[in-house]
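Asks: One structure coming up, written as structure tokens, with questions to follow.
The values are calculated or read from the model by the stated rules, or taken from the named source; none is laboratory data. This is a predicted model, so every value here is computed, not measured. Virtual Cβ from ideal backbone geometry, glycine too; neighbours counted across all protein chains shown.
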Amino acid sequence: MTLKDFKSAVGEFWGEFIRQKAGVFSLIILGLALAVVIFQPLLTPFSDVEGNWRKLEYWENGSAGAKPVWTNLFARQKGAVGAVIEDFEVTETRNEDFMVTTYAFEYDYRYDLPPVDIIFQGTGYDTAAYEIEVERPDGEVIVMPHLNLPQDGMVVNLPEGSDVTVPVSGLRYSVANRAQRALVTWARMFESEEVIYTVDSSQLRPTNLMFAKAIPGLMREPEPLHGVYTFRIIQSTLSAATKFEDPALLVIGRVSGLMGTDTSKRDIWTGLVAGMKWALLIGFVTSAISVIVGVFYGIITAYFGGRVDAVMSFIFEIFISMPVLPILIIISAFIGRSIWILIGSFVIFNWVGPVKVVRSMALQIKEETYIEAAKALGANHGRIIFKHMAPLLLPYAFSLMALSVPGAIVAEASLSLLGLGDPSIISWGQILQGAVTGGAVLNGLWWWVVPPGLAIALLGMTFAFLGQALDKILHPKLRTR
């Protein structure tokens with residue numbers, strides 16, 4: 001075929017393909033899926049997701065089981081959105097004994113439901129004491145328990161050869177964990193003795209009190225106090241060399257991200273984006289290899305016939321009658337859970353799909369006059385199979401590949417749902433498996449279940465439509481040969 005003939009064939013194929021609305025729709029969705037894979041670093045706010053997905057400490061600044069941010073649009077009570085505040089003002093006060101440095105952060109609270117937690121963090125050099133306080137919009141100032149570094153902080157070991165000789169420690173101050181008693185004590189100033197002695201203060205959330213109006217009923221039915229809250233980290237030290245770097249205020253919201261978070265505080269949107277490339281890889285590789293093997297198996301069976309046909313058909317019947325899922329479970333449990341082992345296992349059982357149809361088509365092509373002519377001219381079996389028969393059946397194989405992709409994606413999701421997926425990757429099936437073990441359905445965390453399920457369904461539907469469109473275009477041409 002010359003280049004001109006090839007361009008003409010491609011143009012003719014494209015002209016027919018764009019008439020298939022389902023095919024065009026599937027091509028658009030597939031293009032978007034590939035764009036997600038290519039631009040993954042730009043679409044997710046987290047780096048090295050593959051390596052950090054199972055490191056719970058990496059996600060400690062998130063909110064467990066938070067709804068997606070867009071649910072605020074439909075909610076009667078708007079939940080606070082998670083945020084990282086890094087802008088602050090610094091003031092210093094010096095006297096003969098010690099130096100006091102204040103880092104002030106401002107947070108504009110405009111929601112009905114307060115944040116889950118407020119976290120202060122930074123890196124302190126040398127020994128220092130830190131006091132945390134918040135000035136509310138109504139002028140009330142709440143002082144929380146102080147923190148001494150490095151005694152109360154996390155000591156960081158410096159690498160050998162470092163120029164820093166003073167102690168280094170990481171400041172991480174959680175209001176929910178450290179300030180519950182201080183906030184309850186403050187709230188009691190506005191309540192009657194009856195309420196103080198009847199309310200179980202251990203069950204009160206510190207942030208619910210912090211962001212509520214200072215009126216009676218504060219401890220029972222807190223009303224939100226909107227406005228600007230000023231949080232201060234006050235550092236006191238005797239050493240002029242003391243430093244405090246990278247201070248930040250973390251607002252742990254009730255809603256977070258495009259798809260919310262799971263109970264391990266991991267961002268579900270990030271998991272969905274990272275899982276796209278593995279779904280496409282599993283689908284493409286499995287379907288391509290299994291369909292090519294199945295097509296040539298069917299051609300060889302039909303071409304040689306006789307004993308070869310009988311033996312190969314017997315092998316085919318053995319494979320097609322095997323219970324696939326139990327065998328895949330055994331392979332994953334005892335041989336390994338590597339993604340490549342899974343793909344190899346899928347190929348072993350999926351190649352039988354196109355064999356019967358291809359065999360029946362090859363039997364018809366085998367009787368064509370040009371095949372007889374090729375034999376008469378002395379063409380060997382390989383030339384006849386690869387030069388004359390396979391080119392007529394490979395177009396049909398393309399539609400089979402597209403139709404086979406959803407099965408491979410669902411198979412991987414099924415194994416991952418059973419806990420037998422590759423633990424070194426992030427797949428949609430593993431997200432669903434985490435939802436099952438984490439009690440997402442029982443606890444109403446629908447955003448942990450629905451998005452990965454819809455992603456599997458949408459990608460499967462995309463390839464199904466693409467396969468049907470190719471089938472409508474290629475089959476009539478094949479039958480008229």
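Asks: Report, by residue number, each residue of segment 396-425 that is outside any helix (DSSP H, G or I) and among the β-branched types (Val, Ile, Thr).
Replies: As a first pass, look at segment 396-425 and keep what is outside any helix (DSSP H, G or I): 418-425.
Listed by number, the list holds a single entry, Ile425.
Asks: Residue under question is Ala413, and the condition is that it be of a type in the set (Gly, Ala, Ser) and modelled with pLDDT of 90 or more; does it hold?
Replies: For Ala413, the condition - of a type in the set (Gly, Ala, Ser) and modelled with pLDDT of 90 or more - is not met.
Asks: Okay, moving on. Out of Ile331, Ile315, Ile341, Ile327, report the one residue that is of a type in the set (A, V, I, L, M) and over 18 Å from Ile409 (Cα atoms).
Replies: Answer to the check: Ile315.
Asks: Next up: Between residues in segment 285-298 that are closer than 16 Å to Leu403 by Cβ and residues that are of a type in the set (S, T, N, Q), which pairs lie under 7 Å by C-beta distance while being six or more apart or on different chains?
Replies: Thr286/Asn350; Ser287/Ser404; Ser290/Asn350; Ser290/Ser404; Val291/Ser404
Residue by residue, here is whether (1) under 38 Å from the mean Cα position of the chain (by Cα); (2) under 14 Å from Phe296 (Cα atoms); (3) at pLDDT 85 or above holds:
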{"site": "Glu368", "(1), (2), (3)": "no, no, no"}
{"site": "His388", "(1), (2), (3)": "no, yes, no"}
{"site": "Leu394", "(1), (2), (3)": "yes, yes, no"}
{"site": "Leu403", "(1), (2), (3)": "yes, no, no"}
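Asks: Another question about this same structure. Here is a list: Ala413, Ala397. Which entry is crowded, with 17+ Cβ neighbours inside 10 Å and within 30 Å of Val69 (Cα to Cα)?
Replies: Unique residue meeting the criteria: Ala413.
Asks: Within segment 306-349, can you find the residues that are out of contact with any Gly (no Cβ under 7 Å at 6 or more places or on another chain), touching a residue at least 12 places away in the same chain (Cβ under 8 Å) and not in a helix (DSSP H, G or I)?
Replies: Selection gives Met322, Ser338.
Asks: Still on this structure: Please verify whether segment 142-159 includes one or more residues that are assigned to a loop (DSSP other than H, G, I, E, B) and at pLDDT 60 or above.
Replies: The first filter runs over segment 142-159 and keeps only residues assigned to a loop (DSSP other than H, G, I, E, B), leaving 150-153, 156-159.
From what is left, the residues that are at pLDDT 60 or above are none.
No, the conditions are met nowhere in segment 142-159.
Asks: Which residues, taken from segment 202-249, are touching a Leu at 6+ places or on another chain (Cβ under 6 Å) and surrounded by fewer than 18 Cβ atoms within 10 Å (Cβ to Cβ)?
Replies: Lys213, the sole residue that qualifies.
Asks: Tell me yes or no: at least one residue of segment 88-99 is surrounded by 15 or more Cβ atoms within 10 Å (Cβ to Cβ) and modelled with pLDDT under 90.
Replies: Yes, segment 88-99 contains at least one residue that is surrounded by 15 or more Cβ atoms within 10 Å (Cβ to Cβ) and modelled with pLDDT under 90.
Asks: Evaluate segment 346-361: report whether one residue or more is assigned by TED's automatic domain parsing to the domain that holds Leu34, surrounded by fewer than 19 Cβ atoms within 10 Å (Cβ to Cβ) and of a type in the set (A, V, I, L, M).
Replies: yes
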